[in-house]
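Notes for the one structure printed next.
The values are calculated or read from the model by the stated rules, or taken from the named source; none is laboratory data. Just so you know, these numbers come straight off a predicted model, no measurement behind them. Note that each Cβ is placed from the backbone with ideal geometry, even for glycine, and that neighbours are counted across all protein chains shown. Remember, those area values only see protein heavy atoms, side chains included, never the ligands or the DNA or RNA. Shrake-Rupley method; radii C 1.70, N 1.55, O 1.52, S 1.80 Å.
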Amino acid sequence: MKIGVLGTGMVGETIGSKLIEKGHEVKMGSRSATNEKAAQWVSRSGSKASQGTFKDAASFGDILFNCTKGEISVEVLRSAGEETLKGKVLVDLANALDFSKGRPPGLIFGTNDSLGETIQKSFPDLKVVKTLNTMNCTIMVNASAVPGEHDVFVCGNDSEAKKKVSDLLAKDFGWKNIIDLGDITGARATEMILPVWLRLYGTFGNTDFNFHITR
């Protein structure tokens, strides 16, 4: 597939590199078409990698990955353009954390809303699928990085988009336990896991863990 990755940070690089390894073409988007970090990633990643603006990446991709910081995600998507995003599938794996009162951070959208829902409301013709936001990026693209049984959550309003994303998670990232939490309002539940994740990170001193639901 052709995939657009929005964001040039560690998450964007990890997602983009894995997708190229699996044979996809990936365009990394940023504010500038000549972003230095994106250019370095392209030079390392071979002929299936390219770069451009956020709008360029959104135009290019059949599936888009939102790898931007949650507090600027809506702004980034607006810069890509509503018409450009129309009908696209967006994998939203961002979290909007509020550090204004120090650490530990709160959630910008509180408990009665979420970034995933806000993106969907802001771009009604975009097919938002919230997933992968409850773990470190190295685990996102390699489920076997954590031994044993553990889970990834998905939610979104469009069932076909969820299936398309779930198939990619299974085939390319190695996920076996994919739990569908229903419509996009499930994003507030997965985003509220972040305070727990951050506490565990502080306790363990590393990010080599994930959640598993036993029944």
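Give the residue that is farthest from residue 20 (Cα to Cα), with candidates limited to residues of segment 149-167 that are open to solvent by less than 10 Å² (accessible area, probe 1.4 Å) and part of a helix (DSSP H, G or I).
Here the residue is 161.
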In segment 142-158, the residues that are touching a His at 6+ places or on another chain (Cβ under 8 Å), more than 19 Å from residue 14 (Cβ to Cβ) and of a type in the set (Gly, Ala, Ser): 148
Which of the following residues is in contact (Cβ under 8 Å) with a residue 24 or more places away in the chain and on the phi > 0 side of the Ramachandran plot: 61, 81? 81
Among the residues of segment 105-128, which ones are within 18 Å of residue 90 (Cβ to Cβ), in contact with a strand residue (DSSP E or B) (Cβ under 7 Å, 6 or more places away or on another chain) and open to solvent by 40 Å² or more (accessible area, probe 1.4 Å)? 127
Tell me, please, whether a residue that is in contact with a helix residue (DSSP H, G or I) (Cβ under 6 Å, 6 or more places away or on another chain), outside any helix (DSSP H, G or I) and open to solvent by 40 Å² or more (accessible area, probe 1.4 Å) can be found in segment 186-193. no
May I ask you to list pairs of residues, at least six apart or on different chains, whose Cβ atoms are under 8 Å apart, with the first in segment 133-148 being closer than 16 Å to residue 196 by Cβ and open to solvent by less than 10 Å² (accessible area, probe 1.4 Å) and the second being in a helix (DSSP H, G or I) and not aliphatic (A, V, I, L, M)? 133/190; 133/191; 134/190; 134/197
